[in-house]
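The values are calculated or read from the model by the stated rules, or taken from the named source; none is laboratory data. Since this is a predicted model, take the numbers as computed values, not measurements. Neighbour counts are summed over all protein chains in view; Cβ atoms, including those assigned to glycine, are modelled from backbone coordinates with ideal geometry.
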Amino acid sequence: MGFDYTIRSGRKLLRCGYTTGTCAALAAAGAVELLLTGTAPEQAALITPKGLRVEVGLEDCRLTAGRASCAVRKDAGDDPDVTDGMLVYATVKKTERGITIDGGEGVGRVTKPGLDQPVGEAAINTVPRKMIRAAIEEVCAERGYGGGIAVTVSIPGGAERAKKTFNPMLGIEGGLSVLGTSGIVEPMSEQALVDTIAVELRQRAAEDRTRVILTPGNYGLDFLRRGYPELETVGTVKCSNYLGEALDLAAIEGFREVLLVGHVGKLVKLAGGVMNTHSHVADCRRELFCAHAAVCGAGPETCRALMAQVTSDGCLAVLEQAGLREQVMESLCAAIQEVLDRRVSGAYAVGAVLFSNEYGLLGKTEGAEKLLNTWRKKQ
């Protein structure tokens with residue numbers, strides 16, 4: 001029993017943990033087992049979306065008045081996660097049909113549009129909801145139960161701990177978010193990540209020093225596969241939030257052409273000269289959208305609407321309504337190209353491609369257009 005999975009960052013091995021979403025799903029599985037059998041299980045297990053098995057002990061299992069609850073203690077591994085060590089509870093009861101999921105004590109509630117869940121819903125994101133549902137369905141099938149289950153996820157102490165996160169600014173009130181896309185927490189040691197980027201760039205340079213694609217994460221890789229299958233042979237390196245470090249390391253390794261591909265929420269920050277895009281370092285997305293919208297002729301009402309948004313997609317929706325999205329993206333791309341050129345100082349040709357999950361391709365800088373045209377001819 002337990003979870004023991006590490007990743008290599010440079011010369012270090014860092015221990016991974018599991019997300020609050022995984023904790024909630026495991027706790028829900030245990031609680032349903034207790035509800036249906038009357039016996040508290042000692043542990044629960046599941047396969048995360050990343051494909052890794054997590055098996056943990058259950059704590060504080062209780063069965064009272066037609067309800068059952070179990071808790072799982074969050075283990076963030078070597079990541080400095082504010083939720084590390086907290087108990088994530090799931091309380092379940094029988095219903096006529098279906099599975100409903102809600103948040104209780106310590107779980108935030110969405111109060112502004114543009115987030116993963118609609119306004120009014122508990123801040124339990126899509127993937128954790130799927131994991132919770134799948135865990136409950138598996139236990140119900142095993143026990144031959146065909147009725148419904150209502151589950152409430154709670155994190156005691158979550159309201160206080162949430163003050164140390166960006167939830168209040170994002171419009172998530174009253175507690176923490178239940179997050180996770182892979183089910184696993186991978187440590188975010190800054191130097192370790194930069195060292196890893198250096199190693200991967202060195203490996204790519206050994207294969208082909210001509211060109212490389214940098215992308216902050218999985219969204220960029222997925223977008224490349226969908227939108228630019230002809231670039232499948234070009235080496236890619238994930239650079240997380242460390243765009244400036246990655247650009248510098250690409251120069252050290254002697255690359256001649258570098259294309260940066262990423263979600264607008266990350267890359268728009270480049271227009272303001274921000275080279276570390278982590279929200280703890282800088283979050284000037286709406287300010288940049290607003291400034292460039294004003295340059296493109298947006299009035300005070302549109303500018304105020306932009307400044308009220310909490311996501312990049314929200315800003316894009318405002319610009320779309322104002323008929324300014326294409327103009328503003330052109331303006332932002334021009335500023336991004338200027339910042340990139342200044343950073344690389346002629347060491348190599350560089351450009352950037354920006355997209356969003358909602359709108360798809362949003363813009364390409366002048367340098368990106370040239371690189372893509374050249375690379376297509378080489379295919």
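Can we say residue 304 is surrounded by fewer than 17 Cβ atoms within 10 Å (Cβ to Cβ), free of Cβ contacts under 8 Å to residues at least 12 places away in the same chain and under 24 Å from the mean Cα position of the chain (by Cα)? Working first, answer last.
On the way: surrounded by fewer than 17 Cβ atoms within 10 Å (Cβ to Cβ): yes; free of Cβ contacts under 8 Å to residues at least 12 places away in the same chain: yes; under 24 Å from the mean Cα position of the chain (by Cα): no.
Taking the combined requirement at face value, the residue does not satisfy it.
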### Query
Out of all the residues in the stretch 86-94, is one or more part of a strand (DSSP E or B), more than 22 Å from residue 180 (Cα to Cα) and either in the same structural domain as residue 123 (by TED's automatic domain parsing) or under 28 Å from the mean Cα position of the chain (by Cα) (or both)?
yes
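Got a sec? Which of 171, 180 is on the phi > 0 side of the Ramachandran plot, surrounded by 17 or more Cβ atoms within 10 Å (Cβ to Cβ) and out of contact with any Gly (no Cβ under 7 Å at 6 or more places or on another chain)? If you could, list the steps in order and put the result at the bottom.
Values: 180 fails: out of contact with any Gly (no Cβ under 7 Å at 6 or more places or on another chain).
Selected residue: 171, the only one of 171, 180 that is on the phi > 0 side of the Ramachandran plot, surrounded by 17 or more Cβ atoms within 10 Å (Cβ to Cβ) and out of contact with any Gly (no Cβ under 7 Å at 6 or more places or on another chain).
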### Task
Give the residue that is surrounded by the fewest Cβ atoms within 10 Å (Cβ to Cβ), with candidates limited to residues of the stretch 52-72 that are of a type outside the set (Asp, Glu) and on the phi > 0 side of the Ramachandran plot.
65
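Mind checking which residues of the stretch 156-179 are over 15 Å from the mean Cα position of the chain (by Cα) and under 19 Å from residue 120 (Cα atoms)? Let's see the steps before the verdict.
Start the filter on the stretch 156-179 by keeping residues that are over 15 Å from the mean Cα position of the chain (by Cα), which leaves 156-164, 168-169, 171-176.
Passing the criteria: 158, 159, 162, 168, 169, 171, 172, 173, 174, 175, 176.
Hey, among the residues in the stretch 181-234 that are among the small types (Gly, Ala, Ser) and in a loop (DSSP other than H, G, I, E, B), which one's farthest from residue 5 (Cα to Cα)?
Selected residue: 217.
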### Query
So which residues in the stretch 284-307 are under 30 Å from residue 239 (Cα atoms) and in contact with a helix residue (DSSP H, G or I) (Cβ under 8 Å, 6 or more places away or on another chain)?
284, 285, 286, 287, 288, 289, 290, 292, 293, 306, 307
### Query
Quick one: how many residues across the stretch 347-379 are over 28 Å from residue 315 (Cβ atoms) and outside any loop (DSSP other than H, G, I, E, B)?
7
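Just the residues that are β-branched (Val, Ile, Thr) and surrounded by 15 or more Cβ atoms within 10 Å (Cβ to Cβ), please, taken from the stretch 354-376. Can you show your working first?
Of all residues in the stretch 354-376, those β-branched (Val, Ile, Thr) come to 365, 374.
Hit for the stretch 354-376 is 365, nothing else.
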### Query
Taking the stretch 82-94 on its own, how many of its residues are among the hydroxyl-bearing types (Ser, Thr, Tyr) and farther than 16 Å from residue 69 by Cβ?
1
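Only one residue in 288, 332 is touching a Lys or Arg at 6+ places or on another chain (Cβ under 8 Å) and not small (Gly, Ala, Ser). Which one?
Numbers: 332 fails: touching a Lys or Arg at 6+ places or on another chain (Cβ under 8 Å).
Of the residues listed, the single one that is touching a Lys or Arg at 6+ places or on another chain (Cβ under 8 Å) and not small (Gly, Ala, Ser) is 288.
Suppose the filter is more than 17 Å from residue 136 (Cβ to Cβ) and part of a loop (DSSP other than H, G, I, E, B); does residue 81 pass it?
Yes: the conditions hold for residue 81.
Taking residue 156, is it in contact with a Phe, Trp or Tyr (Cβ under 8 Å, 6 or more places away or on another chain), surrounded by 15 or more Cβ atoms within 10 Å (Cβ to Cβ) and not in a strand (DSSP E or B)?
Numbers: in contact with a Phe, Trp or Tyr (Cβ under 8 Å, 6 or more places away or on another chain): yes; surrounded by 15 or more Cβ atoms within 10 Å (Cβ to Cβ): yes; not in a strand (DSSP E or B): yes.
When the stated conditions are applied, residue 156 passes them.
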